[in-house]
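Before any comments, here is the structure.
Read the figures in this text as sums done on the coordinates, not as results from a lab. Source: prediction; values computed, not measured. Don't worry about glycine lacking a Cβ; one is built from the backbone with ideal geometry, like all the others, and counts go over all protein chains shown.
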Amino acid sequence: MLPFSQRSRSLGVLVALETIDANNTVLTPLRQDKNLCKQILSPNKYEMENIDWISCKEFTIDLGKEQIEKYISMWELNPSWLYSLTFFQEKDVEFHKQYHYRALWSIPTPRTPITKATACVYFVIEISKIKPQSLPVEVFYVVESCRLRHRPGKTTFREKWLKDIIESKTLLQETINF
């Protein structure tokens, strides 16, 4: 549940800030505050960052790699994260071609420059065989060990996803005795 709700009125905006008291009763004081609503509902604050993807006719494997690197650079990650982006494979499907890339992530340190665990993010760029070639390529990415397809501009990448993968791999390695 959001900490606030908003309703439009012809004379302004009514904001309800919800709080819970000691008896778990929801208290909802209402007040009219246009400036607060402008800050809360500002479209720039909640816009998903994305890049202008190239058109299908302009696509090359190297240009696709550059576009993915540009998109990754927009993610809000700790600068200690490093990645290596490689072209993985090309698949010819009935109505489109898919170009697969793999971004391999780790956090090397002076103490352990070769990390014990890494996390992968797999990118797919699709070139339609049916749609006009002037349209932009379609892009989605999948985080390792997760089936959910994320689309640039629709999902905000979370650093936590990478941390969770590395943590689970580290825990698994600790359970295995050689």
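Do any chymotrypsin sites (Phe, Trp or Tyr not before Pro) in the stretch 78-170 lie in a DSSP loop with no more than 11 other beta carbon atoms within 10 Å, and if so, which? Before the final figure, lay out the partial values.
Values: sites: Trp81, Tyr83, Phe87, Phe88, Phe95, Tyr99, Tyr101, Trp105, Tyr122, Phe123, Phe140, Tyr141, Phe157, Trp161; in loops: Trp81, Phe95, Phe157.
In loop regions of the stretch 78-170 (DSSP not H, G, I, E or B), the sparsely surrounded chymotrypsin sites (Phe, Trp or Tyr not before Pro) are Phe95.
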Open item on the list: Need the list of aspartates and glutamates near Lys116 for cross-linking: C-alpha distance under 18 angstrom, and skip anything on the same chain fewer than eight residues off.
Closed with: Glu144, Asp164, Glu167, Glu174
- [ ] Given a cut-off of 32 Å, name the pairs among Lys57/Lys163; Lys129/Lys160; Lys129/Lys154; Lys131/Lys169 whose C-alpha atoms lie farther apart than that in the structure shown.
- [x] Lys57/Lys163; Lys129/Lys160; Lys131/Lys169
Open item on the list: Within the stretch 153-174, name every residue whose backbone N is under 14 Å away from a label modeled 7 Å from Cα of Thr118 along the Cβ vector.
Closed with: 166
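Report the calculated FRET efficiency for Ser128 and Thr175 (r = Cβ-Cβ distance, R0 = 30 Å), to the nearest 0.05.
Working: r = 45 Å, r/R0 = 1.51.
FRET efficiency, Ser128 to Thr175: 0.10.
Where does the stretch 64-178 land on Rg/Rh, using Cα atoms and the Kirkwood Rh? Working shown, then result.
Numbers: Rg = 16.2 Å, Rh = 15.7 Å.
Answer for the stretch 64-178: 1.03.
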